[in-house]
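Here's the structure we're looking at; comments come further down.
The values are calculated or read from the model by the stated rules, or taken from the named source; none is laboratory data. Treat the numbers as computed from the prediction; the structure is a model and nothing was measured. Glycine gets a Cβ as well: all are built from the backbone with ideal geometry, and neighbour counts include every protein chain shown. Ligands, DNA and RNA are excluded from the accessible area calculation, which covers all protein heavy atoms including side chains. Shrake-Rupley method; radii C 1.70, N 1.55, O 1.52, S 1.80 Å.
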Amino acid sequence: MRPETTHFDALHGLRGIAAVLVMLGHFRELTAQHFDLAPSGFLAVDLFFLLSGFVIAHAYDEKFRKGMSFREFAETRIVRLYPLYFAAIGIAMAGVGVSIAMHGLGSYSRLDLFASLAFSLLFLPTPPTLSIVPSVLFPLNGPAWSLFYELVANAFFAALALRLTGRLLIAISGLAFVALALMAWDGMMIGGGAHWHSTIAGPVRIAFSFFLGVYLRRYAPGESRDGNLYMPFLLALCAGLMIFRPATNAQLYDLAMIVLVWPWLVLTASRLRLSGFWRAIALFSGNISYAIYALHTPLTWMVNVLDEFATGTPWNQHGLTFIVVTSILVIAVSTFAHYVYDKNARTLLRHLLSLRRTREEVTQF
């Protein structure tokens, strides 16, 4: 086991910059690809998976050794993920309402809309035959596919936490690496997972990165050091690698990023101690990163629909002004959502769960 570290501030910074790059990458679809600001931004998802495994192991290994149950862990993760996810569904449904007001009730099949909402509320992929957007797993919020696979990986981790030895973690990540390499060799898009036609990539990506993250937290040696001088370089490198896209051998680039670069980056950042300005920046960006990731697609969709209504601009013909204004709006809303809505919602949910456990204990007694 590596020396105990109580804070991973630099990892918060990586999560924040990655969330912004994911958002910027999704604007490509709305600008006729004239502004492809982060062509490799989808690789941020693999960084998220790696960070998730690393942080989950750090936060829960000792708790499982002390007897934490699967149910307690599941409740904790749902409380962490669901409030902002629920808010994203609400924003998406508001966008649907505006679209119906503009184009009439015939814009959506009522059955498909109800089914898409029901499956989304259950945090489950919507079957294509019942979806308002049949090509994607989560029609009301496309990026939620990665949250779904993260919950699956979390459940697997919780069920086997005390049995996940170093050898087993290496075996899981090793098999997933072989699958990633074969997909890259065959020319498949190893950055897939959001769409049904590429859904096979989702389980492979989470299996490799999440369980490698658990392994790195438990077994990778290293000593902490002052990181204020390194942090600007790491953030710039993280952003630059997602802004860059090679003209050839893109699959090999993706594979190298997932297998080599992200693990090195996470290990390096985990050993840095931040203070002052850079610690404040890292904590702030990390705190709002989940809100950015969960909310940016429905918020962008809402702005797009309203802009079409106000100016008549086609949904995929926006310019740089749309990107800048929408990005600022997403960051502002995400800041409010984290510090006001999410914190209070999680506090309320934890209180309700505590009351339920108290009632169950009284009943058993």
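Before moving on, here are some points about what is shown:
- Point-to-point label distance, residue 283-residue 347, nm (Cα→Cβ direction, 7 Å offset): 1.7
- Fraction in percent of alpha-carbon pairs per bin - 10 Å, the range 231-286: 20, 47, 25, 9, 0
- Principal axis box of the range 233-365, alpha-carbon based, largest edge first, Å: 67, 48, 35
- For the range 258-270, 3J(HN,Hα) per residue [Karplus equation, 6.51 cos²θ - 1.76 cosθ + 1.60, θ = phi - 60°, Hz, x = Gly/Pro]: 5, 8, 10, 6, 4, x, 4, 5, 5, 4, 4, 5, 5
- Mean sequence separation of contacting Cα pairs (under 8 Å, at least six apart), scaled by the length of the chain, corresponds to a relative contact order of 33 percent.
- Amide H partners (placed H, <5 Å) of residue 136, local residues excluded: 196
- A simple spin-label model places pseudo-atoms 7 Å from Cα toward Cβ; at residue 358 and residue 339 they are separated by 3.1 nm.
- Virtual spin-label span in nm between residue 94 and residue 156, 7 Å along Cα→Cβ: 3.6
- Based on protein heavy atoms only, the range 57-148 ends up with 45 Å² per residue of surface accessible to a 1.4 Å probe.
- Long-range HN-HN contacts of residue 273 with modeled amide H, under 5 Å: 225, 226, 227
- Across the chain the C-alpha pair distances fall into 10 Å bins from zero in the proportions 5, 22, 33, 26, 11, 2, 0 percent.
- Förster-model FRET efficiency, 22 Å R0, residue 243 and residue 264, C-beta, rounded to 0.05: 0.75
- Portion, in percent, of the accessible area of the range 1-119 that falls on carbon or sulfur, probe 1.4 Å: 62
- Fraction of accessible area attributable to carbon and sulfur, the range 252-365 (%, probe 1.4 Å): 70
- Straightening the chain between residue 189 and residue 29 buys 55.8 nm, computed as 0.36 nm per residue apart minus the Cα-Cα spacing.
- Per-residue Karplus couplings for the range 288-297, computed as 6.51 cos²θ - 1.76 cosθ + 1.60 with θ equal to phi - 60°, are listed in order as 8, 5, 5, 4, 4, 5, 6, 9, 5, 5 Hz, Gly and Pro entered as x.
- Descending by average beta-carbon neighbour count within 10 Å, the peptides 16-25, 208-217, 90-99 line up as 208-217, 16-25, 90-99, the highest first.
- Based on protein heavy atoms only, the range 152-291 ends up with 47 Å² per residue of surface accessible to a 1.4 Å probe.
- Peptide packing: for 55-67, 344-356, 230-242, the average count of neighbouring Cβ atoms within 10 Å per residue gives the ranking 230-242, 55-67, 344-356, highest mean first.
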